[in-house]
Structures are given as structure tokens and as C-alpha cells.
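Written out below as C-alpha cells is the structure these notes cover.
The values are calculated or read from the model by the stated rules, or taken from the named source; none is laboratory data. The shown structure was predicted, so the numbers you read here are calculated from the model rather than taken from an experiment. Cβ: placed from backbone, ideal geometry, glycine included. Neighbour counts: every protein chain shown.
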Amino acid sequence: MNYLAHAYLSFNRENILVGNMISDFVKGRKKYDYSPDILLGINLHRYIDDFTDSHQITREMKNIFKPHYGLYAGAFTDIAYDYFLANDKTIFHDHEALLRFSLDSYKMIDKNADLLPAAFRQMFPYMKQHNWLYNYRHPMGIEKSFQGLVKRARYMDDAHTAFDLFTANLDLMQEYYEDFFPLLKKFSSVTLARLLNTD
């Protein structure tokens, strides 16, 4: 899953959100440097990723990108999921709801700025400035995210093919999203409740 999904699956809990958003930037035992609630968010992020990556629906969706991008197919798939979430009217009934959610998420992260890992702290101003969470609703936002992924990755220099595959397979990926995301939301809610109860 990508940033919007991890933010949404923090269920409006500030410390869970912070942990969920920084998880990929926290390596090894460094996660134990954080408060118990932020640690829960870090761990929830990893459970979400494991569930997503191992699910048959996601494996099928990855196959759209895999012939051209190999192991990076999962990263493109994660970004694509955010497009469908951002446009999911059962979750964000209009663009104002998504905008409010995005701005509220940035505010919660900002309140914990001193706790952010250095790499995330450097990236976060760009996330806010270009309103990544909101702009995943637009194909242009997805295209820019694909470009950013290619720029950061080794051995890749072509984001155009990924975006062409995305636009050519929108209807199929919409079906994958509609089948998968309710399962992920339920899994995430149950997992968070378990983590809170075992804290």
C-alpha cells in the first residue's frame, strides 16, 4: 500500500498515523526508539504490507506491470491502489472530503515533526506542498508518483510505460480494488484492535 492507504488505515488515530507513515523509513531495532502508540503504527504498516503483498488479488494486479518492471511491479501497484481509494465515493464522498482528510493528516504529522526520521522529514514538505494525498485522485498525480518511483529506483529510467499500462487497465484494476480493499480494511481494523489489546 502507498501513503494514502496507510493514512486512511490509521483510523484517525494520530500516533498510529505517524507510525504508519514513517514505517518504511525506520530500520531494524530503531522502531523501539518510538513511543508504544507510534510503534503500533509502525507494526500495523508492516502487517498491512504483508497482507497486501501476499494476497492473490494483488498478485494478479501486479501482473499488469510485472512483464516490464519485474520486482518493482508491487510498488507501481501500491500507487495505483491509492488512485482508486482517492476516488472511492463510499469513503471520500466528494473531493472536499478527501481534501479535509489530507490536510488533517498533514497536521497530525506536523505535530510530531521532531519525531520524524530524517529521510521522511526531508520528503514531507514536498508531500504537503504538492498535496500528494489529495492528488492521487488525479491521473496526473499517479503519473508524477510513477516518475518519482523511477527516479529513486536503480536500473529504471522509464515511467511512461507504467503510466500507459495504468491507463489501459483502469477498468480491470478498479475491479481488483473493489474486491480487495474491503478485505484490507477489515484486516487492518482487526489487526489494530489486536495490537491495542496486546500492548
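Computed quantities for the displayed model
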quantity: Evaluation of D53 against (1) surrounded by 15 or more Cβ atoms within 10 Å (Cβ to Cβ); (2) within 24 Å of Q174 (Cβ to Cβ); (3) in contact with a helix residue (DSSP H, G or I) (Cβ under 7 Å, 6 or more places away or on another chain); (4) of a type outside the set (S, T, N, Q) (one fails), failing number; calculated: (1)
quantity: A168 being farther than 25 Å from A97 by Cα, in contact with a helix residue (DSSP H, G or I) (Cβ under 9 Å, 6 or more places away or on another chain), small (G, A, S) and surrounded by fewer than 19 Cβ atoms within 10 Å (Cβ to Cβ); calculated: no
quantity: Members of the range 70-86 that are hydroxyl-bearing (S, T, Y) and modelled with pLDDT under 95; calculated: Y72
quantity: Filtered residues of the range 52-95 (kept if outside any helix (DSSP H, G or I) and among the basic types (K, R)); calculated: K89
quantity: Residue count, the range 67-96 (criterion: within 20 Å of Y134 (Cβ to Cβ), in contact (Cβ under 8 Å) with a residue 12 or more places away in the chain and surrounded by fewer than 20 Cβ atoms within 10 Å (Cβ to Cβ)); calculated: 4
quantity: Test set (1) under 15 Å from D78 (Cα atoms); (2) out of contact with any Asp or Glu (no Cβ under 6 Å at 6 or more places or on another chain); (3) not hydrophobic (A, V, I, L, M, F, W, C) - K111 fails condition number; calculated: (1)
